[in-house]
Each structure stands twice: as structure tokens, then as C-alpha cells.
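Trainee: Below you'll find the structure I mean.
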Amino acid sequence: ISGSIAEIGTFRGKTFIGLAAASRDGERVVGVDIFPDDVQQSLLRSAAEFLSEEQRKRIVLVKRDSSTLDYCEWSKILGEKSRFVHVDGNHTIKAVRYDIMLSSSHLCVGGIVLIDDFLHDWCPDVTEGIIDALRILPNIVPVAVIPRSENLLNGGTKLICAERSSSDFYRNLILSEFSEMRPREISL
């Protein structure tokens, strides 16, 4: 699978740097955040420390609230369709729903949308926004949950959603790699 990689809610770039490190030649790595100056400078310092020059050239930082991006702008910023989008932006119901809809609007076949803070104790609106989005979006479906492994301050549970035609592939891959897992079907 090839395509752009993106993150909505980049903040200081802890996840974003890893995504950029996983990028390949010709791919664009897009980070969207309101980026206060000190936060953007912190991200750029981390990029300089941990990424090669080639990896840094792939980075596009968009200093905006994601809710102000329309689908055409999103498509232009990404260039080619995205293969992976991490959603960790504004934590209101409306914003989460919009970020997931935006993320899935320019997703390639086999693409993944990874959503942060699913079932987070402090952010119930995130879960409600996720459920709202998944009820109305025909092209992505949930395939797995990555449970929080540390305390609440270090992040929340993640929900892996896949482009619909690839969801069985990902479920089967996860089950073959993690045989101790107990799959359970859900419906929204």
C-alpha cells in the first residue's frame, strides 16, 4: 500500500515523528494542528534530531484547525490518497466526527484510520464522536482496539478502522499475528 500519511492533532509530534520515520520515498507526511509557535518549534527540533534529511523533506505542516479544512483542501494537501491517518485533534463530539469524516474522504484502498482516545475516561465526547462518524461513513469500519497500556496521562486506547474492502484482510492478519486475542464482532 502506498500513499500519504497524515496526522490530525500533531501537537509536539511524538506520534508524527514515528509516522515520518515510517514514510517512503515519494510519500507526503502531513501534520495538521493549530501549532502555537513553541509547539511547532519543539516538533521541528525533534524532526531534526530523529529524522533523516530525506524524511524531513516529506513533511508538510498545516497550521490550522482541522475543522476549517474542506474535503477539496484536504485532498490537495495530501496529494495522493492517504494510506494512514492518525486522528488525535480537538476532543469535542463535532470535531472528532468531522476529523474522521475528513480522514476517510481521501483514503486509498487498504488505508487505515487510527483514532486516539477511544473509550478514554476523561474524554467521553471522543467516543461519542467516533460512534457518530462510523454510523454515517460507508467506507471505513472498526477492525481492532489497542488498549491503553499506561496511565491516563500517557494516552488512551486507540481504535483501528480500515477501508471497508480491506477490513477482513486486517482482521485476519491481526488474528494470525496475535493468536491470543479473542475476536468479537460488534455492530453500530
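Trainee: Would you mind stating whether residue 43 is outside any loop (DSSP other than H, G, I, E, B), closer than 12 Å to residue 86 by Cα and touching a Phe, Trp or Tyr at 6+ places or on another chain (Cβ under 8 Å)? Walk me through it before giving the result.
Mentor: On the way: outside any loop (DSSP other than H, G, I, E, B): yes; closer than 12 Å to residue 86 by Cα: no; touching a Phe, Trp or Tyr at 6+ places or on another chain (Cβ under 8 Å): yes.
Spelling it out, it is not the case that residue 43 is outside any loop (DSSP other than H, G, I, E, B), closer than 12 Å to residue 86 by Cα and touching a Phe, Trp or Tyr at 6+ places or on another chain (Cβ under 8 Å).
Trainee: Exactly one condition in (1) crowded, with 22+ Cβ neighbours inside 10 Å; (2) touching a helix residue (DSSP H, G or I) at 6+ places or on another chain (Cβ under 6 Å) is not met by residue 84; state its number.
Mentor: Of everything listed in (1) crowded, with 22+ Cβ neighbours inside 10 Å; (2) touching a helix residue (DSSP H, G or I) at 6+ places or on another chain (Cβ under 6 Å), residue 84 misses just condition (2).
Trainee: Would you call residue 29 crowded, with 22+ Cβ neighbours inside 10 Å, farther than 21 Å from residue 138 by Cβ, of a type in the set (A, V, I, L, M, F, W, C) and out of contact with any Asp or Glu (no Cβ under 7 Å at 6 or more places or on another chain)?
Mentor: The answer is yes for residue 29.
Trainee: Of all residues in region 1-17, which are open to solvent by less than 10 Å² (accessible area, probe 1.4 Å), more than 12 Å from residue 84 (Cα to Cα) and among the β-branched types (Val, Ile, Thr)?
Mentor: Scanning region 1-17 gives a single hit, 10.
Trainee: Could you grab the pairs with beta carbons closer than 8 Å, sequence gap of 6+ or different chains, first residue in region 45-67 and within 17 Å of residue 77 (Cα to Cα) and open to solvent by 100 Å² or more (accessible area, probe 1.4 Å), second one of a type outside the set (A, V, I, L, M) and assigned to a strand (DSSP E or B)?
Mentor: The qualifying pairs are 63/33.
Trainee: Please go through region 114-158 and give me each residue that is among the aliphatic types (A, V, I, L, M), over 15 Å from the mean Cα position of the chain (by Cα), at pLDDT 85 or above and over 19 Å from residue 8 (Cα atoms), ordered by number.
Mentor: The answer is 136, and nothing else.
The values are calculated or read from the model by the stated rules, or taken from the named source; none is laboratory data. This one's a predicted model, so the numbers in the text were calculated from it and none came from an experiment. All Cβ positions, glycine included, derive from the backbone under ideal geometry; neighbour counts span all protein chains shown. When the accessible area is computed, the model is the full protein with side chains, heavy atoms only, and any ligands, DNA or RNA have been set aside. Shrake-Rupley method; radii C 1.70, N 1.55, O 1.52, S 1.80 Å.
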